[in-house]
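Enquirer: Just passing along the structure, written as structure tokens.
The values are calculated or read from the model by the stated rules, or taken from the named source; none is laboratory data. Remember, it's a predicted structure, so these values are computed and weren't measured experimentally. Positions of Cβ are backbone-derived with ideal geometry, glycine not excepted, and every protein chain shown enters the neighbour counts.
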């Protein structure tokens, strides 16, 4: 069903709003993908904080104008599905990577992050990025390591000093 002008403007406005605040984008060819497969992907995408939309390329090009995803607009060709990560940069990568395991018709074409366009092979790289909670846990570990090392050093010095004081006392009693 063809969209009228106001519907097209709504689609462009919706995608532009998402693109303005998204962390990353994966564009994939979806020809041959069933409605059930796309529905399942959309459900997973909602859970992961990913905006998933099938949009005509000309509308997508207009929507990403003025965003960091504009660099990829010239590469929007063929029937494309767009996955924008809203919460975590790697979320779209995880959704698309998982979907490609059971859907060989879904073919990632490009990845955009930080204004740079990467080949489809970078979906795995994007998917391997830690979640926000994982990143915070890693940061906490890194920040706590110097404190832990300092506490161990203080304890070792204290034990060494106690050991030296205990050894010195018996020698003083025998003299």
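Enquirer: Restricting the search to segment 72-85, which residues are surrounded by 15 or more Cβ atoms within 10 Å (Cβ to Cβ) and in contact (Cβ under 8 Å) with a residue 40 or more places away in the chain?
Expert: 72, 76, 80, 81, 82, 83, 84, 85 - these are the residues of segment 72-85 that are surrounded by 15 or more Cβ atoms within 10 Å (Cβ to Cβ) and in contact (Cβ under 8 Å) with a residue 40 or more places away in the chain.
Enquirer: (1) farther than 18 Å from residue 119 by Cα; (2) not in a helix (DSSP H, G or I): which one isn't true of residue 84, the others all being true?
Expert: So residue 84 meets the others, but not (1).
Enquirer: From (1) within 14 Å of the chain's Cα centre (by Cα); (2) in a helix (DSSP H, G or I); (3) farther than 25 Å from residue 10 by Cα, pick out the condition that doesn't hold for residue 47.
Expert: Here residue 47 clears every test but (3).
Enquirer: Restricting segment 15-44 to residues that are in a strand (DSSP E or B) and touching a helix residue (DSSP H, G or I) at 6+ places or on another chain (Cβ under 9 Å), which is farthest from residue 71 (Cα to Cα)?
Expert: 28
Enquirer: Out of all the residues in segment 32-39, is one or more surrounded by 15 or more Cβ atoms within 10 Å (Cβ to Cβ) and touching a residue at least 60 places away in the same chain (Cβ under 8 Å)? Spell out how you get there, then give the answer.
Expert: Filtering segment 32-39 for residues surrounded by 15 or more Cβ atoms within 10 Å (Cβ to Cβ) gives 33, 37-38.
Narrowing the set further to residues that are touching a residue at least 60 places away in the same chain (Cβ under 8 Å) leaves 33, 37.
Among the residues of segment 32-39, at least one is surrounded by 15 or more Cβ atoms within 10 Å (Cβ to Cβ) and touching a residue at least 60 places away in the same chain (Cβ under 8 Å), which makes the answer yes.
Enquirer: Within segment 1-21, how many residues turn out to be exposed (fewer than 10 other Cβ atoms within 10 Å of the Cβ) and in contact (Cβ under 8 Å) with a residue 24 or more places away in the chain? Even if it seems obvious, please write down each step before you answer.
Expert: Let us first name the residues in segment 1-21 that are exposed (fewer than 10 other Cβ atoms within 10 Å of the Cβ), namely 1-2, 4-6.
Those still in the list that are in contact (Cβ under 8 Å) with a residue 24 or more places away in the chain too: none.
Going through segment 1-21 one residue at a time, the tally reaches 0.
Enquirer: Filter segment 69-81 for residues that are part of a helix (DSSP H, G or I) and either in contact with a helix residue (DSSP H, G or I) (Cβ under 6 Å, 6 or more places away or on another chain) or outside the structural domain of residue 58 (by TED's automatic domain parsing) (or both) and give the result.
Expert: 70, 73
Enquirer: Can you tell me which residue among 117, 147, 125 is farther than 30 Å from residue 53 by Cα, modelled with pLDDT of 70 or more and either in the same structural domain as residue 48 (by TED's automatic domain parsing) or loosely packed, with under 10 Cβ neighbours inside 10 Å (or both)? Can you show your working first?
Expert: Details: 117 fails: farther than 30 Å from residue 53 by Cα; 125 fails: farther than 30 Å from residue 53 by Cα.
Just one listed residue meets the conditions, 147.
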